[in-house]
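Colleague: Pasting a structure here, questions to come.
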Amino acid sequence: MKFKFFVCALFLLNWTVTSAQSFKWNGNLDRVSVNGFYKIALTPEIISKTANKDLSDIRIFEKQKEIAYLLRQLPDNIYLLDTSALKIEHYTNIPAPSVTTTEDKENKRTIVSITFKVPYQIDKLKLNLEGFQYYRRTTWISEKNPLVNQKRRHYSEDKLTNIIISSEKQPTIDLYGENRYKQLFLIIENEDSSPLLIKNIEAYQKNMELIAYLEKDKQYVIKTGQLNMEAPKYDLSYFKDSISNTIPSVAVLNFEKNTNEALDKESGLVKKSWMWGAIVLLIVFLGYLSYYMVREMQSKKQGN
């Protein structure tokens, strides 16, 4: 009986924590006039609001009905053949970061801090330099400030990628895999040459899109921003090769924080009270169980 009570209390605790989660962001899809497959661009704004880097928390709803979709993105190896060309048609521009430069004269390095307003999926950086006709420098990217100790000039070389930039071609840096970066550091090895002058830095995200079958005049909503969701498994994934690449696009309108946030917060307070109640019950039960075990041990000792 005690064990069953313990299991029920754990179940109640898990339910309260799980049910307190909700989608934090949503946006309406523009209504379509013809039934069919449509592609929905995942802009940097949308992806920056996802809770999971693998985009597993994205869902499309029509009222309470979940709508199947395919996630389509170009693999990394497509871009390895020609890294000199930006291929801008495959990318979406990310809002410009702020750039600050620090000269480390002692180690003959330039440290460039690249800071974004929110964490973005960053797949490519384009460096716009000025004042130098000829240059060739070794550079590397780090997520952490490499200059750990300003006084001792000690470096932590936690490198994400290495690249040589040269005046022979537009300097670009590719970053691979799922990521979210709010700040990056570019380290330029100057050796005995003068530091490069950085005019600005442009950041890009690879184009990613959802493919979904939409019906005319129905209102669809895209939602995201819920932690610990598993990627959906739809039957549609078995038919991805039969869907054309030239299907029309549909826009996401008014992508914003959940308008029911106030209601969610109120509901969350109730759920939190249940959660704390469950925790108190567990503590009481464990205390009683400990007391019971101590009494049993004392009784056995007295019996001996």
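The values are calculated or read from the model by the stated rules, or taken from the named source; none is laboratory data. From a predicted model like this one, the values you see are computed outputs, not experimental measurements. Here the Cβ is made from the backbone with ideal geometry for all residues, glycine too, and neighbour counts use every protein chain on show.
Colleague: Need at least 2 residues that are under 17 Å from residue 125 (Cβ atoms) and in the same structural domain as residue 105 (by TED's automatic domain parsing) per element, so show me which strands (runs of 3 or more DSSP E) inside region 144-256 make the cut, counting only ones lying wholly within it.
Modeller: 159-166, 172-174, 181-189, 197-206
Quick grid of which residues meet (1) hydrophobic (A, V, I, L, M, F, W, C); (2) exposed (fewer than 15 other Cβ atoms within 10 Å of the Cβ); (3) modelled with pLDDT of 95 or more:
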| position | (1), (2), (3) |
| --- | --- |
| 158 | no, yes, no |
| 163 | yes, no, no |
| 182 | no, no, yes |
| 211 | yes, no, yes |
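Colleague: Right, residue 218: within 30 Å of residue 40 (Cα to Cα), exposed (fewer than 15 other Cβ atoms within 10 Å of the Cβ), at pLDDT 95 or above and basic (Lys, Arg) or not?
Modeller: Yes.
Colleague: Inspect all residues belonging to region 85-101 and state whether any of them is under 20 Å from residue 205 (Cβ atoms) and modelled with pLDDT under 50.
Modeller: yes
Colleague: OK, next. When only residues in region 274-297 that are closer than 30 Å to residue 22 by Cα and out of contact with any Leu (no Cβ under 9 Å at 6 or more places or on another chain) count, which is modelled with the lowest pLDDT?
Modeller: This residue is 276.
Colleague: When residue 56 is evaluated against the numbered criteria (1) modelled with pLDDT under 95; (2) in a loop (DSSP other than H, G, I, E, B); (3) of a type in the set (Ser, Thr, Tyr), which criterion, by number, is the only one it fails?
Modeller: (1)
Colleague: Taking region 257-273 as the search range and keeping residues that are in a helix (DSSP H, G or I) and under 30 Å from residue 211 (Cα atoms), which one is modelled with the highest pLDDT?
Modeller: Checked region 257-273; the qualifying residue modelled with the highest pLDDT is 261.
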